[in-house]
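For reference, the structure discussed in these notes is given below.
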Amino acid sequence: MIDAQEPFLQPIRKRWIPVEMTVAPSLNAEQVAGPIEPYYALLINPFYPKDSNASFGKHVLTPTLALTSFAATTPEPWRVDYWDENLLHGRPPFRPFPQVVGITVHLTFARRAFELADWYRARGAKVILGGLHVLSCPDECALHADALALGDGVQLWPRILGDIEAGSLGSRYAANYDNNYCDDPAPRRSILPRRSFLTTTSLIATRGCHNRCGFCYLATEGLRMPYRMRHPTQVAGEFAADDQPYAVFVDNNLGSRKDYLHTLCRALRPLKKIWSAAVSIDVTDDPTLIRNMALAGCTGVFIGFESLSDDNLAEARKKTPKTADYARRVRMLHDCGIQVNGSFVLGFDHDTRDTFARTAEWIEENRLECATFHILTPYPATPLFHQMEAQGRLLHRDWTLYDTAHAVFRPKHMSPEELEQGYAWIYQRLFSHTSIWRRRPEDWRAVPLYLGMSYLYKR
């Protein structure tokens, strides 16, 4: 039994992390750019500082699908390049100088996205900003862009390039998510630096989720994303075409429609490849589905447990089984050979100082192979943000700290400092040698692979 006071007995020593993972590459204000190359577009995923408590390597597991999906819709005669600053290859290129720069903007790296946008605009490029932060804070983003892409960028990107060609670029472009998802082209993976990722086969079969949790970005005001599904044969074809043995589904919740997931598993099984995906714990409502997932190559699932308190989950409007049944459901997944990466949010209104020790103890007792933790973060334009704002509980609006690793609001039953201390403690506890060994699989044949994953991913 873990003492409830253990997380607070001594200061948590900050882990070492390379400076390249915490500081973005510099942009030389005196740098002179070369001549603009017509019909050349550069797509950029901006740098974000890494959390020394969490896994160092998560950002190189799979590439972002957003930019490669835009690239797939790029019309002739445009040439397109991809640059992800998080691969630590340095700052984005500028020779030759792009006519158009597309930058995805999310809350935690909005400042870096704006720095890049201002640098390229000052030298003559047309800068297009898209992403969730553009939807939630368009006026803030408009100050740094020639045009904003609000909503489904796959639909908007060809229109934007066409208007640039015609010299009639608008300031804002909007699209909803009501189109036939099967019409979207496969991501253009040929532009990726393949050796920089564990696998370039990041797949998406569905968009949306049957939950609308108040803290989730899917609950952002103005974002209407119905649950959409691609034809399973399309998805299996993409998996086969990328010629890699392992894929990661980046769907918000691959299991929102159990009938669809059954069909998808039937399409994936003949490939004899392995994959992982995010699902909700209620996927275990159907034992035959878990078995079919395993037979189709599923080796791991990411599950948003969020909390071990039913009151927290009810107030967050999450549709989920009772927490007392979580352990049984985890065993069902383990019995089918599926590893579980559990995600937990810390700082809900029913959380107290003993939440950290109880959560760590439950994870170890149930042998979760991995766990991911997030400090509750009120993203702009979500119900949680409006609630915290109305209650006067927001501490500031420094978006760089809205990264789920910092307390940006006043918790109910502890101080912001205690919340951050508990967050750091639980990560270091679960990433320790002792905890990794304590959570090893009961089947000894699975232990070597588990240990390899633990030390490559977690440490």
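The values are calculated or read from the model by the stated rules, or taken from the named source; none is laboratory data. Because the structure is predicted, anything quoted here is derived from the model rather than measured. Positions of Cβ are backbone-derived with ideal geometry, glycine not excepted, and every protein chain shown enters the neighbour counts. To get the accessible areas, we keep the full protein, side chains included, count just its heavy atoms, and leave off ligands, DNA and RNA. Shrake-Rupley method; radii C 1.70, N 1.55, O 1.52, S 1.80 Å.
Here are some notes:
- With 0.36 nm allotted per residue and the present C-alpha distance subtracted, the His413-Leu65 stretch has 121.4 nm of extension available.
- Take every Cα pair under 8 Å whose residues are at least 6 apart in sequence, average their separation, divide by the length of the chain, and the relative contact order is 15 percent.
- Share of carbon and sulfur in the accessible heavy-atom surface of the chain [1.4 Å probe, %]: 54 percent
- Note on the chain: antiparallel DSSP beta bridges, both residues inside, total approximately 5 percent of the bridges counted.
- Spatially proximal lysines relative to Lys50 (Cα-Cα < 22 Å; intrachain offsets below 8 disregarded): Lys14, Lys58, Lys458
- Potential lengthening between Tyr455 and Leu401 on full extension [0.36 nm per residue; Cα-Cα distance subtracted]: 16.7 nm
- The stretch 354-415 and the stretch 1-65: distance between their alpha carbon centers, rounded to Å: 20 Å
- Using a probe of 1.4 angstrom and keeping all protein chains present, the accessible surface of the chain works out to 43 square angstrom per residue.
- Solvent accessible area, Å² - Met332, 1.4 Å probe, full protein context: 40 Å²
- Here the extension length gained between Lys258 and Arg159 equals 32.1 nm, from 0.36 nm per residue of separation less the Cα-Cα distance.
- Rounded accessible area of Cys216 (nearest 10 Å², 1.4 Å probe): 40 Å²
- The share of Cα pairs per 10 Å bin across the stretch 260-319, counted from zero up to the longest distance, runs 21, 45, 22, 11, 1 percent.
- Rough spin-label spacing in nm, given labels placed 7 Å along Cα→Cβ, for Ile36 and Leu295: 5.8 nm
- Cβ charges +1 (Lys, Arg) and -1 (Asp, Glu), total dipole of the chain, debye: 960 debye
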